[in-house]
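Q: Dumping the structure here so I can ask a few things about it.
The values are calculated or read from the model by the stated rules, or taken from the named source; none is laboratory data. The model shown is predicted, which means the values in this text are computed figures rather than measured ones. Don't worry about glycine lacking a Cβ; one is built from the backbone with ideal geometry, like all the others, and counts go over all protein chains shown. Each accessible area value is taken on the protein alone, full model and side chains, heavy atoms only, with ligands, DNA and RNA left out. Shrake-Rupley method; radii C 1.70, N 1.55, O 1.52, S 1.80 Å.
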Amino acid sequence: MPVVQMPEAQNIESEAHTTIHYLVVFNPVQSAKRQKLLALLISELKHRSLNYTLYPTEANLTANQYYFKAHLKEYTDVVILGGDGTFNVVVNCIVDAHLHQNISHKVNVGLLPAGTGNDFSKQWFNKAKQKGHSQQDLINIVLGNQVQTLYLGECHYDNKVRYFNNVLGVGFDAVIAKQLAHQKSLFRSLSYLVAALRHIPFYQEPKCELVFKGKTTKYRNLITAFANSQYFGGGLPIAPNQDGRTESLTVIRAPKLSVIPKVMLLLKLTKGRHLSSKGVFHDKMQKEDEAEITTAGLEIEADGEYIGETPCKVKVSSHTINLKV
């Protein structure tokens, strides 16, 4: 397998501001771990005499987008304290604000993993290294100046656009995401695997039509995933070789299987060994490619959150995020 050379981290200073002003975005759902980390962050911001504003996310994406469109120009940096869902919300708000407002600078974004799954942060910080980071190490990263470019995926559906930094899926994963939408427990990552083991043997794969690289494929869909990062579902390595620092997506498609092969496939997925399984298709999507699921009525999830139904078109987005490293 060819080695992908990752771009070097860069030190980026604000072009439009002489004073750094942080927007600290956090998930307001009660969590002792998150509250402790937020307190440590605020203490460090005060210790460094840095300007900051606190923003608890709203449950509705549109309400968050309204705030960002009105206020993003006031900030040089955004620090996100939350999990995959919170990070995805902020990514969409930042892109939306840049599209609809005259913002002369590109904010730098820092992520403090404080969710239940933290799938994206496992890849971005490197799963092994993340375990070695102390909370102070992570705070130093998000308050530092080193950034790398995070490329995004883009999904068009129902006259809407949703950007994703991790994984967009159509299939049993989206059905589970829909079912777990209101289960934000500390055990959600385990809940996902339990729900998958419980439902996947009896999942009735719907008909699906995918148009990709000039070829139309009709199949019974277990899952069709567009991965910008490695993990989903609380640490399952759906795309072991994918990295959001590259301008590409990995497309993975698994068709209808009988019960035992289906369960075996899920078990292989926990170890990242599923891509070689019989019937599993995977390919790279480059920036010039586009995939379209033409079938109507199939659930879609983006970074673990249920967002709507097909038909949809997916591509590598032209929008990027400056993410702290």
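Q: Quick one: what do you get for region 68-147 if you divide its Cα Rg by 2.2 N^0.38 Å? Don't jump to the answer; show the numbers that get you there.
A: Numbers: Rg = 13.5 Å, N = 80, 2.2 N^0.38 = 11.6 Å.
This ratio for region 68-147 stands at 1.16.
Q: Roughly speaking, to the nearest percent, how much of the chain's 1.4 Å accessible area is carbon and sulfur? Walk me through the numbers on the way to the answer.
A: On the way: 7880 of 15250 Å².
So the carbon and sulfur contribution to the accessible surface is 52 percent.
Q: In terms of modelled amide H atoms, which long-range or inter-chain residues lie less than 5 Å from the amide H of N51?
A: Y22
Q: I would also like to ask the following. Find, among the trypsin sites (Lys or Arg not before Pro) in region 227-325, those assigned to loop by DSSP (not H, G, I, E, B) with at most 10 other beta-carbon atoms within 10 angstrom.
A: Values: sites: R245, R253, K256, K262, K268, K271, R273, K278, K284, K287, K313, K315, K324; in loops: R245, K256, K271, R273, K278, K287.
Of the trypsin sites (Lys or Arg not before Pro), the ones in loops of region 227-325 whose Cβ has at most 10 other Cβ atoms within 10 Å are K271, K278.
Q: In terms of the ratio Rg/(2.2 N^0.38 Å) built on C-alpha atoms, what value belongs to region 213-282?
A: Values: Rg = 12.3 Å, N = 70, 2.2 N^0.38 = 11.1 Å.
Relative to the rule-of-thumb radius for its length, region 213-282 sits at 1.11.
Q: Next question, about the same structure. Which one is right for this structure if Rg and Dmax of the Cα atoms in Å is calculated from it: (1) 25.5, 101; (2) 19.4, 62; (3) 18.6, 53?
A: Read-out taken from this structure: (2).
Q: Under the rule of -39500 (n - 2.57) per DSSP H run of 4 or more residues, summed and divided by the residues of the chain, what mean residue ellipticity at 222 nm is obtained, to the nearest 500 deg cm²/dmol?
A: Details: 9 runs with 95 residues, N = 325.
It lands at -8500 deg cm²/dmol.
Q: Please compute the net charge surrounding I42, taking Lys and Arg as +1 and Asp and Glu as -1 over other residues with Cβ under 13 Å from its Cβ. Can you show the working numbers first?
A: Details: positive: R34, K36, K46, R48; negative: E44.
In short, +3.
Q: Using only the Cα atoms of region 270-325, build the gyration tensor, take square roots of its eigenvalues as a ≥ b ≥ c, and label the shape rounded, prolate or oblate: rounded if a/c is under 1.5, else prolate if a/b is larger than b/c, else oblate. Don't skip to the end; give the middle numbers.
A: Details: a/c = 1.41, a/b = 1.07, b/c = 1.32.
It comes out rounded by the Cα gyration axes.
Q: Percent antiparallel among DSSP beta bridges with both residues in the chain, to the nearest 5?
A: Numbers: 55 of 74 bridges.
Counting DSSP beta bridges with both partners in the chain, the antiparallel share is about 75 percent.
Q: Here is a follow-up. Over the chain, give the accessible area per residue in Å² for a 1.4 Å probe, as an integer. Mind dumping the intermediate values first?
A: Numbers: 15250 Å² over 325 residues.
Heavy-atom SASA per residue in the chain reads 47 Å².
Q: For region 57-106, go through all pairs of different Cα atoms, get the mean of 1/r, take its inverse, and jot down that Kirkwood value in Å. Mind dumping the intermediate values first?
A: Details: mean 1/r = 0.0908 Å⁻¹.
Taking the inverse mean of 1/r over all distinct Cα pairs, region 57-106 comes out at 11.0 Å.
Q: What is the extension gain from N145 to N102, computed as 0.36 nm multiplied by their sequence separation minus the C-alpha to C-alpha distance, in nm to one decimal? Kindly include the intermediate steps, with their values, before the conclusion.
A: Numbers: separation 43, 0.36 × 43 = 15.48 nm, distance 2.37 nm.
That works out to 13.1 nm of additional length.
Q: Which lysines, on any chain, are close to K207 with Cα under 20 Å apart, when same-chain ones fewer than 8 places away are left out?
A: Within reach: K178, K215, K218, K256, K262, K278, K313.
Q: May I ask for the angle, rounded to the nearest 10°, between helix 84-100 and the longest principal axis of the chain, with both axes built from Cα atoms and the value confined to 0 to 90°?
A: Tilt relative to the chain: about 70 degrees.
Q: Helix 259-269: angle to the longest alpha-carbon principal axis of the chain, degrees 0 to 90, nearest 10?
A: 30
Q: Cα axis of helix 61-71 to longest principal axis of the chain: angle in degrees, 0 to 90, nearest 10?
A: The helix 61-71 is inclined about 30 degrees to the chain.
Q: Take the alpha carbon gyration tensor of region 203-325, find the square roots of its eigenvalues, order them as a ≥ b ≥ c, and report rounded if a/c is under 1.5; if not, report prolate when a/b exceeds b/c, else oblate. Please report the intermediate quantities before stating the final value.
A: On the way: a/c = 1.64, a/b = 1.19, b/c = 1.38.
Oblate, since a/c reaches 1.5 and b/c is not below a/b.
Q: Treating only the Cβ of Lys, Arg, Asp and Glu as charged (+1, +1, -1, -1), what charge dipole size does the chain show about its Cα centre? Round to the nearest 20 debye. Walk me through the numbers on the way to the answer.
A: Working: 36 positive and 28 negative charges, 230 e Å.
That gives the chain a dipole magnitude of about 1100 debye.
Q: What distance in nm lies between label points placed 7 Å from Cα along the C-beta direction at E309 and K215?
A: Distance between the two pseudo-spin positions: 3.0 nm.
Q: For K213, which aspartates and glutamates qualify as cross-link partners when the Cα separation must be under 14 Å and same-chain residues fewer than eight apart are set aside?
A: Candidates past the 8-residue exclusion: D283, E288, D289, E290, E292.
Q: To the nearest 0.05, what FRET efficiency results for V259 and A70 with a Förster distance of 45 Å applied to their C-beta separation? Don't skip to the end; give the middle numbers.
A: Numbers: r = 52 Å, r/R0 = 1.16.
It comes to 0.30.
Q: Right, here's the next one. At a Cα cut-off below 25 Å, give the lysines reachable from K46, other chains included and same-chain residues fewer than 8 away excluded.
A: K33, K36, K73, K106, K324
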